[in-house]
Ligand SMILES: Cc1cc2nc3c(=O)[nH]c(=O)nc-3n(C[C@H](O)[C@H](O)[C@H](O)COP(=O)(O)O)c2cc1C
């Protein structure tokens with residue numbers, strides 16, 4: 001990107017056969033808005049979902065699809081691969097991911113990917129079971145090891161009516177992540193955390209009052225699950241210690257499901273030994289009821305007081321370990337955000353604090369707990385970086401890259 005935030009990149013967009021193919025039209029626009037020149041290659045299956053004419057009109061270029069009926073140059077597959085600065089496949093079908101893994105070259109798109117010497121980005125979109133299938137997951141690991149960058153997928157409600165991971169990442173985010181990765185060549189290295197173990201805490205905790213009641217908070221776990229996904233994509237082994245959420249964990253993360261702060265504390269301490277990077281993203285309850293009633297508390301007096309005890313401070317304990325992993329904490333605040341985050345950094349002796357505001361931004365978008373977006377700052381002893389307000393997936397991508405950079409610096413100095 002130049003100083004105006006613009007890109008001027010030549011992007012070759014490959015579209016494969018899936019329901020999400022219609023979203024590629026928006027991706028073209030998003031990339032053009034960043035001054036990218038876009039050429040489109042479609043598989044035969046993609047053309048069953050959306051007409052080539054749409055992309056021809058949007059790009060003002062012919063749409064490429066047939067290796068043997070080229071629009072002039074007989075070596076179109078090579079020419080296109082050489083023309084592009086970057087190749088993005090969006091949506092990428094499970095079939096295309098498998099073809100890419102095995103180096104098949106039986107149509108124009110797969111052939112030019114095999115001939116490409118530029119970075120290839122893949123934004124998968126498929127049914128959640130297709131995504132979770134070990135065949136797909138193995139293919140993805142192999143491609144990541146080869147340095148192919150995965151953008152998404154997102155999770156949630158799918159076109160088929162099922163819920164889970166496999167939705168195409170929002171086109172705005174695909175474009176943003178492509179452009180973010182241009183800011184630093186380091187960011188394009190797909191496997192920065194290969195061989196490293198990242199332990200992430202996620203979600204809220206539930207502190208029981210009696211068998212049917214508990215004290216908790218609005219944390220959804222979305223930020224932590226997005227971090228887990230991005231850490232996996234960076235090649236890490238990920239342990240996810242999660243309080244109760246409604247999310248599907250990334251298939252390759254080692255999940256430890258817990259309920260209370262005490263359970264989360266003991267799961268972290270049992271798993272911390274081999275951890276290289278600890279990310280304390282969970283909204284752990286500071287206090288728990290001193291006693292848990294054996295039976296449901298009956299309605300009686302007008303007032304009820306519950307005595308509360310301090311829970312262990314997991315981040316402080318991990319930061320005090322010798323040797324300690326790289327420790328990253330989160331500070332969600334409703335006021336004095338940066339000041340409180342700086343205090344937390346010092347009090348806990350953490351390496352980084354990710355500060356995020358809870359509430360609404362100037363445009364009225366909900367931020368923080370149970371929201372889709374976060375406005376985050378990375379705070380360390382020597383800097384405060386404003387990452388701005390983005391979706392949690394996009395922020396997770398930026399955060400994992402920054403964390404990897406800090407880890408690399410710490411271990412090479
Ligand atoms: C209605 C329909 C929707 C489909 N959606 C997807 C999808 O979202 N993701 C996917 O991987 N495959 C999907 N498929 C299957 C692919 O179209 C099929 O595997 C095809 O061979 C992909 O070809 P390509 O990779 O050459 O584009 C769908 C098939 C149908 C009939």
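The values are calculated or read from the model by the stated rules, or taken from the named source; none is laboratory data. Values in this document were obtained by computation on a predicted structure and should not be read as measured data. All Cβ positions, glycine included, derive from the backbone under ideal geometry; neighbour counts span all protein chains shown.
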(request) Please name all residue pairs, on different chains or six or more residues apart, with Cβ atoms under 7 Å, provided the first residue is in the stretch 163-179 and is closer than 21 Å to residue 140 by Cα and modelled with pLDDT under 90 and the second residue is part of a strand (DSSP E or B) and away from the ligand (no atom under 15 Å from the Cβ). (result) 173/391; 178/86; 178/121
(request) Taking the residues in the stretch 343-353 that are part of a helix (DSSP H, G or I) and touching a residue at least 24 places away in the same chain (Cβ under 8 Å) as candidates, determine which candidate is nearest to residue 317 (Cα to Cα). (result) 348
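If only one of 135, 123 is over 15 Å from the mean Cα position of the chain (by Cα) and within 13 Å of the ligand (Cβ to nearest atom), which one is it?
Values: 123 fails: over 15 Å from the mean Cα position of the chain (by Cα).
The conditions single out 135.
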(message) Please go through the stretch 96-110 and give me each residue that is over 29 Å from the mean Cα position of the chain (by Cα) and within 10 Å of residue 80 (Cβ to Cβ), ordered by number.
(response) 108
(message) Taking the criterion of being under 23 Å from the mean Cα position of the chain (by Cα), in a strand (DSSP E or B), surrounded by 18 or more Cβ atoms within 10 Å (Cβ to Cβ) and modelled with pLDDT of 95 or more, would at least one residue in the stretch 261-277 satisfy it?
(response) yes
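Being closer than 19 Å to residue 374 by Cβ and under 14 Å from the mean Cα position of the chain (by Cα) narrows it down to one of 251, 226, 236, so name that one.
Working: 251 fails: closer than 19 Å to residue 374 by Cβ; 236 fails: closer than 19 Å to residue 374 by Cβ.
Exactly one of 251, 226, 236 is closer than 19 Å to residue 374 by Cβ and under 14 Å from the mean Cα position of the chain (by Cα), namely 226.
Quick grid of which residues meet (1) at pLDDT 80 or above; (2) surrounded by fewer than 20 Cβ atoms within 10 Å (Cβ to Cβ); (3) part of a helix (DSSP H, G or I):
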site	(1), (2), (3)
300	yes, yes, no
309	yes, yes, no
321	yes, yes, no
341	yes, no, yes
355	yes, no, no
370	no, yes, no
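Within the stretch 147-260, which strands (runs of 3 or more DSSP E) (wholly inside it) include 1 or more residues that are assigned by TED's automatic domain parsing to the domain that holds residue 287? Break it down stepwise before answering.
Numbers: elements: 154-157, 163-167, 197-202, 207-210, 213-215, 237-242, 254-257.
Those strands (runs of 3 or more DSSP E) span 197-202, 207-210, 213-215, 237-242, 254-257.
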(message) So residue 109 passes all but one of these: (1) in a loop (DSSP other than H, G, I, E, B); (2) within 26 Å of residue 77 (Cα to Cα); (3) touching a residue at least 60 places away in the same chain (Cβ under 8 Å). Which condition number does it fail?
(response) (1)
(request) Of the numbered conditions (1) within 30 Å of residue 267 (Cα to Cα); (2) at pLDDT 85 or above; (3) in contact with a strand residue (DSSP E or B) (Cβ under 7 Å, 6 or more places away or on another chain), residue 205 fails exactly one; give the number of that condition. (result) (3)
